[in-house]
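The values are calculated or read from the model by the stated rules, or taken from the named source; none is laboratory data. Since the structure is predicted, the reported quantities are computational estimates derived from the model, not experimental observations. So basically every Cβ, Gly included, is an ideal-geometry build from the backbone, and we count neighbours across all protein chains shown.
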Amino acid sequence: MSNPLATTYLGLELSSPLVVGAAAPLSSDPARLEQLEREGAAAIVLHSLFLEQIERDWQEWEHHQRHGAESYGEALSYLPATEPLHLGLDGYLAEIREARRRLSIPVIASLNGSHPGHWRDAAAAVAAAGADAIELNLYAVPSDGRRSGAEIEAEQLAVVREVCAAVPLPVAVKLSPWYTSFGHMARQCAEAGAAGLVLFNRFYQPDVDIETLDTVAHLELSSAIDQRLPLRWIGLLHGRLPLDLAASGGIGSGADVVRMLMVGAQITQVVAALLRHGPGQLRQIQAELIGWLEQHDHAGLDELRGCLSQARCPDPEVFERAQYLRALSSYGGPLW
């Protein structure tokens, strides 16, 4: 009997569209990864390796090189024999190898940063360690008012091109929604070699403690409201670009997965629901998804994927405007 939830993502064969998104609490323990697979995870995105970690170890290595060279020639024989890419990446590469050894589902590495650096070395090392794909997370808050949006986007696209050119693995780019023309940025990512987009990065905003005068960080898990933005943009992009689209943010039920598939998502990433309810939530979401397909006489996911995307709408301009107008007039509560 064929699997009604079977799908593909970045060229990888998956048993369902339920992918565990990048989060250190979920993927840092190999035994936990095995449990997630048993509960129905179709693939795992490991927690991110940050460019800052790579750069720090590279700088330390270069410091030792210069320090020895400026002292005594004989000191060169006492310098670290390991190349920089084997320093900062060591722990992460070990995690990839261990995950690959324990799991039968695809393992996707996550590289996080936004400016030029030692991306090529990091990507090549991740590929050699056995990752099935790379999720390139372009997380940044541009705060320098002297830099234009075009300059920042060009820098980020250079990173995408460098990583895509460095490895034979498929690369998905995880973006924030805050671009002047997000559709144009998405198209440029495809032209730079990306095979998919993950929508969206969720920024954690700082708070201020008015008693201690400290800036503090709070981790607030995503909720259903966070689905709206990726749902809209996946619906706008589906069928218009040669990219697999992944929905990230607030996915917690079978109905959530159905609506993302309807607008064109290839897969959905689940994080917050697992942190709230445990790995068994994957099995619950899967059961709800299968139940919905059976109730609506769908034999597989391809029958509903993209059915509510803008590309399927006979009048796209009305589609966009109607959404806006309906939202403005939908409030039915008291005014005061």
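The table below lists the values:
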{"quantity": "Check on residue 225, loosely packed, with under 15 Cβ neighbours inside 10 Å and assigned to a helix (DSSP H, G or I)", "calculated": "yes"}
{"quantity": "One residue from 302, 315 being modelled with pLDDT under 95 and either buried (at least 18 other Cβ atoms within 10 Å of the Cβ) or under 29 Å from residue 110 (Cβ atoms) (or both)", "calculated": "302"}
{"quantity": "Number of positions in segment 170-208 that are part of a helix (DSSP H, G or I) and not aliphatic (A, V, I, L, M)", "calculated": "7"}
{"quantity": "Segment 36-60 - residue that is surrounded by 18 or more Cβ atoms within 10 Å (Cβ to Cβ) and either more than 24 Å from residue 171 (Cβ to Cβ) or among the β-branched types (Val, Ile, Thr) (or both) and, of those, modelled with the lowest pLDDT", "calculated": "54"}
{"quantity": "Hey, residue 135 at pLDDT 90 or above, crowded, with 18+ Cβ neighbours inside 10 Å and part of a helix (DSSP H, G or I) or not", "calculated": "no"}
{"quantity": "One residue from 162, 151, 155 being under 27 Å from residue 44 (Cβ atoms) and either touching a His at 6+ places or on another chain (Cβ under 9 Å) or not in a loop (DSSP other than H, G, I, E, B) (or both)", "calculated": "162"}
{"quantity": "Failed item, numbered, when residue 75 is tested on (1) surrounded by 12 or more Cβ atoms within 10 Å (Cβ to Cβ); (2) modelled with pLDDT of 85 or more; (3) farther than 23 Å from residue 121 by Cα", "calculated": "(2)"}
{"quantity": "Residue 327 at pLDDT below 95, crowded, with 20+ Cβ neighbours inside 10 Å and within 22 Å of residue 232 (Cβ to Cβ)", "calculated": "no"}
{"quantity": "Some residue of segment 10-17 being touching a Phe, Trp or Tyr at 6+ places or on another chain (Cβ under 9 Å), at pLDDT 90 or above and either in a helix (DSSP H, G or I) or not polar (S, T, N, Q) (or both)", "calculated": "yes"}
{"quantity": "Where a residue in segment 208-224 is touching a residue at least 40 places away in the same chain (Cβ under 8 Å) and its partner, wherever it lies, is of a type outside the set (Asp, Glu), with Cβ under 7 Å and at least six apart", "calculated": "221/272; 221/275; 221/276; 222/202; 222/249; 222/250; 222/272; 223/250"}
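Okay, residues lined up against (1) modelled with pLDDT under 95; (2) among the polar types (S, T, N, Q); (3) farther than 19 Å from residue 258 by Cα:
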position: 188; (1), (2), (3): no, yes, yes
position: 199; (1), (2), (3): no, no, no
position: 222; (1), (2), (3): yes, yes, no
position: 246; (1), (2), (3): no, no, no
